[in-house]
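In what follows, a single structure is set out as structure tokens and then discussed.
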Amino acid sequence: MKKLIIAAVVAAAVGGVAYANYAATQEVKKVVDKQISALSIQSGVDIKYSDISASIFDSSMQLSDITVSNSLSNEPVATIDSIDVSGYEVDAIPPHTGFVMTNFRFSDEFLAQLPENSNNKLASTSYNVNSSLDYNKDSGDSDFALKVTANEVADVNFNLGLAKTTALMEASLAASQMQNEAADGQLTLEQQLQQQSKMMAALTQLEPRRINLSIADEGELKAVVDSFLTAQGMTHEQFKQVVAMQLQQVPVSEELVTAITNFVNGLSSFSVSAKLPEGKGMMEINQQIQMLMGQPEELAKFINLQASGA
């Protein structure tokens with residue numbers, strides 16, 4: 001008897017969760033459809049998906065089998081296997097949000113319209129995008145991470161750490177809420193100007209703390225670069241000479257010169273990072289950087305620059 005009662009409770013709970021997820025999906029669908037409609041108007045493309053689902057446990061949603069087409073000619077532009085968004089909240093600033101786009105690929109029709117000297121390997125490969133934003137409400141710090149993978153070509157990683165981001169988060173939330181409340185997802189000119197003003201004010205409060213950019217070969221990076229150079233009428237040796245000449249004319253640190261030179265020669269990996277002084281806002285740091293532009297080694301010390309290439 002106890003087993004039957006437990007089974008009944010579990011079944012009811014599962015059924016309740018399933019219904020809650022279904023209800024959440026319907027609400028999310030309304031928001032997504034409105035945002036897609038607004039994006040289509042702005043970009044001139046039609047975006048359609050075959051399925052959408054949402055989960056109440058991690059505030060996540062997934063779009064599947066997405067197609068992007070030209071709104072005028074109706075010709076397909078690209079396809080996407082899926083887009084996953086996690087941590088999204090309509091009326092609050094979440095501590096973590098994630099975005100994953102899987103297998104973005106341009107259509108054959110779109111590729112056929114590219115100029116003959118286009119880099120076909122880079123254009124025809126598939127792309128994965130993975131990004132996240134972590135926000136600490138107590139400290140006001142935020143960490144943004146982005147990874148873009150061009151299948152069999154290269155991985156590109158970008159990371160940014162910021163302090164005093166609360167005002168920016170609040171402005172972003174207000175802008176999102178205003179757009180969701182708009183009848184057609186379109187803001188009036190006055191509303192756009194208001195949001196831009198709030199965003200600009202919030203940006204002035206930011207304190208950049210650290211930044212990192214890295215590139216890693218996934219097998220075909222050299223072939224892609226050489227194909228691009230050939231289309232420009234240049235060999236790889238000529239390219240190396242041009243880069244070396246430009247590096248002599250630009251005031252950059254020896255460490256960065258070595259990293260760039262090694263990367264141009266090997267096209268295997270490249271990484272550059274900076275750790276900025278705490279307690280300094282964007283404007284103050286920019287002013288200091290401008291003052292040190294003619295002193296590359298001093299500038300490298302100021303921003304704690306580290307670079308490597310192979």
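Direction-averaged shadow area of the convex hull around the Cα atoms of the range 220-305, nm²?
Directional mean of the projected Cα hull area for the range 220-305 stands at 6.8 nm².
With N set to the residue count of the range 118-225, report its C-alpha Rg divided by 2.2 N^0.38 Å to two decimal places.
Compactness ratio reported: 1.42.
Per the Cauchy relation, a quarter of the hull surface: what is the mean projected area of the convex hull of the alpha carbons in the range 246-296, in nm²?
If you wrap the Cα atoms of the range 246-296 in a convex hull and average its projections, you get 4.4 nm².
Using the per-residue mean of other Cβ atoms lying within 10 Å as a proxy for protection, in what order, highest first, do the peptides 213-222, 38-47, 236-245 fall?
213-222, 38-47, 236-245
For the chain, what does -39500 (n - 2.57) per DSSP helix run (n ≥ 4), summed and divided by total residues, give at 222 nm, in deg cm²/dmol to the nearest 500?
-14500 deg cm²/dmol
Under a 5 Å amide H to amide H cut-off, with H placed in plane at 1.01 Å, what residues pair with Glu218 once short-range neighbours are removed?
HN-HN under 5 Å from Glu218: Val153, Ala154, Asp155.
Can you give the Rg/Rh ratio of the chain, where Rg is from the C-alpha atoms and Rh is the Kirkwood radius?
Across the chain, the Cα-based Rg/Rh ratio is 1.03.
If you build the convex hull over the alpha carbons only and average its shadow over all orientations, what do you get for the range 154-213? Give it in nm² to one decimal.
5.7 nm²
For the chain, set up a GNM with springs between Cα atoms under 10 Å and report which of Ala259, Ala154, Ala112 has the largest fluctuation.
Result: Ala112 has the largest fluctuation of those listed.
Quick one: helix 189-203 against the long Cα principal axis of the chain, what's the angle to the nearest 10°, folded into 0 to 90?
Taking Cα atoms only, the helix is inclined about 60 degrees.
For Cα pairs less than 8 Å apart in space and 6+ apart in sequence, what is the mean separation divided by the residue count of the chain, i.e. the relative contact order in percent?
12 percent
Explain nothing, just the number: dipole magnitude of the chain about its Cα centre with +1 on each Lys and Arg Cβ and -1 on each Asp and Glu Cβ, in debye rounded to the nearest 20.
560 debye
Using Cβ counts within 10 Å as a stand-in for footprinting exposure, how do Ile93, Ile66 rank, fewest first?
Ile93, Ile66
Once phi is turned into θ = phi - 60°, what whole-Hz ³J(HN,Hα) does the Karplus curve with 6.51, -1.76 and 1.60 give for every residue of the range 140-152, x standing for Gly and Pro?
After applying 6.51 cos²θ - 1.76 cosθ + 1.60, I find x, 7, 9, 10, 10, 10, 9, 10, 10, 10, 8, 3, 6 Hz.
Coordinate-derived values only; no laboratory data. Keep in mind it's a predicted model, so treat the numbers as computed, not measured. Neighbour counts are summed over all protein chains in view; Cβ atoms, including those assigned to glycine, are modelled from backbone coordinates with ideal geometry.
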